[in-house]
Every structure is written in C-alpha cells, then in structure tokens.
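Here's the structure, in structure tokens; my notes come after.
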C-alpha cells in the first residue's frame, strides 16, 4: 500500500468517526451540554497531553505562552472551537442533527469566503457560483422557517473563524489543539466542580455515563491525528472532497436513525447545497 493510499484511508476513517459521532453524543442526552463540553475539554487535554509525552514533545507547549500574540491567538481559537463543540452537542441532544449536518455542508464554502476576505485569495467563476448558491440555500431555509437557521450558521461560522485564526499559528495540529484545551481547562474544571458540589451533575454515581464521557478524549483526538497524518500524504483537493463524508453521515444519522423530520424547505435547501458543493469541487479540481 502506497503512502498516498494510506493517507486516503486515514482521512476517510477520520471523517467516518466525525460523521457518526452524533450517535455517541445522542447517548449522552441525559447529561446537559455544558457538562458534556466540560468533560470533553478535560479528557481531550488528558489524551493530547499523553500523546505529546509519548512523542517527547510536551515542552513544545511552552512556545504558545512565550508571547502575548500567540497566547491571544490560541485563546481566541479555543473560544471558537468551544462554541462549535457546544453548538454541535446541543443540536444532537435536542433533535436538530439535520441542522448540524447542514452547517458542516456549508462550512467549506464559508472557509473559502474567509480566504477571499482575510487573505485576498482569488476565486474562479465556479467557486463564486458555488458560494452564491450556498448563501441562497441558507436564505431559503431561513425564510421558509420564518427564522434564520442559527445552528448551521454558528457551526459553519465558528469553525470557519477557527480555521482562519489557526493560520496565524506556527504549530503542529496536536500541539495547537493541546494548547487550546489547556486554555479551556480551568473553565471546564470549574464547571465540573460546581456541578458536582451543587448536586446538579448527571454523572455522579453513574459509572457507565462517566466511562462514556472519558471516551470523548480519544473520540476527539484520534480523528485529528489521522487527519494530520493524511494531510502530509494526500493532496488538499482530494482531502477537501473526502471531507464531505462527515456531514453526509451526520445527515443520514439524523434522517434514518434519529428519524428527524425533513420538511419541504430542507428538501429545497439541501439539494442547493449539494449542487454548490459539486460545482465547488469541480472548480477546485480543475484549478489544481
């Protein structure tokens, strides 16, 4: 098996894990989202810290705190990823997984838009058409429902901003994410301490739930490591297309397993997004 083939399988596996993670968070519906987020932050830090210790790279974290600029970038990135994680957990728990999948379908086009606005990247005609169609799909969904679809917007925008901010960090993915959860760690520990002391925790005295929450660390970390492995062996155009596995699986879980309603406005908006992604993918491949 060639290195490129190994890279493709790595990104496919990472996207499959991300795509079916909604099943995992659905099993934790009896735990309030903020407590799930606090556990995810803590166990992610434990997981990544162990990885860095095994790699003898834990000292690399000191790079983040050497300057106010890098600390500020990491802090803002941690705020964006925490917002993204919380919104996704909330959406799954309250039966709005379809909206969450919509947000991750929109994200690649949001990221491209940020590239134009923030980094003066140029777009082809096809890419411009794709972004325009995605905007029209979001507006269609909002006007049809009588309210803007805030879950897709928060998920796509928070992850888009997070991706743009990360461009300013000269750190590997594992080191940077470890730094981000390290910044969030005092807040997560405070939340867990308060909920346990006040008796509002849904985890205390439930070893099965506690065990599930511990899994949030590897569930967060392993796909990232696989994805990082893939980016060094597979061209970005291929990775960009394979990433659609994630929202596609999220959508199928919402529709077939959670049996969420799929109304007429979704039936209009989703095909528009899919067409936009086909146009964008074709334009990106042709450009490369």
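Structure summary
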read-out	value
231, 41 arranged by Cβ crowding within 10 Å, fewest neighbours leading	231, 41
Order of 70, 75 - criterion: other Cβ atoms within 10 Å of each residue's Cβ, fewest first	75, 70
Packing-based exposure ordering (other Cβ within 10 Å, fewest first) of 204, 39	204, 39
At R0 = 51 Å, FRET efficiency that the Cβ-Cβ distance of residue 122 and residue 197 yields, to 0.05	0.40
Within the chain, helix-based [θ] at 222 nm, where runs of 4 or more DSSP H residues each add -39,500 (n - 2.57), nearest 500	-26000 deg cm²/dmol
Euclidean distance between Cα centres, segment 71-99 to segment 157-191, Å	12 Å
Gained length - residue 67 relative to residue 204, 0.36 nm times residue gap less alpha-carbon distance	45.4 nm
Highest average packing first - 149-156, 7-14, 177-184, Cβ atoms within 10 Å	177-184, 149-156, 7-14
Directionally averaged projected area (convex hull, Cα atoms, the chain), nm²	16.5 nm²
Most fluctuating residue given options 196, 84, 246, as computed from a GNM of the chain linking Cα atoms under 10 Å	196
Full-stretch length increase - residue 50, residue 30 - with 0.36 nm per residue and alpha-carbon distance subtracted	4.3 nm
Sequence-separation-based contact order of the chain, relative, with Cα cut under 8 Å and 6+ spacing, percent	43 percent
Length gained when the stretch residue 23-residue 139 is fully extended (0.36 nm per residue, less Cα-Cα span)	38.9 nm
Orientation-averaged projected area, Cα convex hull of segment 122-232 (nm²)	11.3 nm²
Separation between Cα centres of segment 232-269 and segment 1-62, rounded to whole Å	19 Å
Anisotropy class of segment 205-252 from Cα gyration tensor, a/c 1.5 cut	oblate
Inverse of mean 1/r across different Cα pairs in segment 133-185, Kirkwood, Å	13.3 Å
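Read the figures in this text as sums done on the coordinates, not as results from a lab. Remember, it's a predicted structure, so these values are computed and weren't measured experimentally. In this analysis, Cβ positions are derived from the backbone assuming ideal geometry, glycine residues included, and neighbour counts consider all displayed protein chains.
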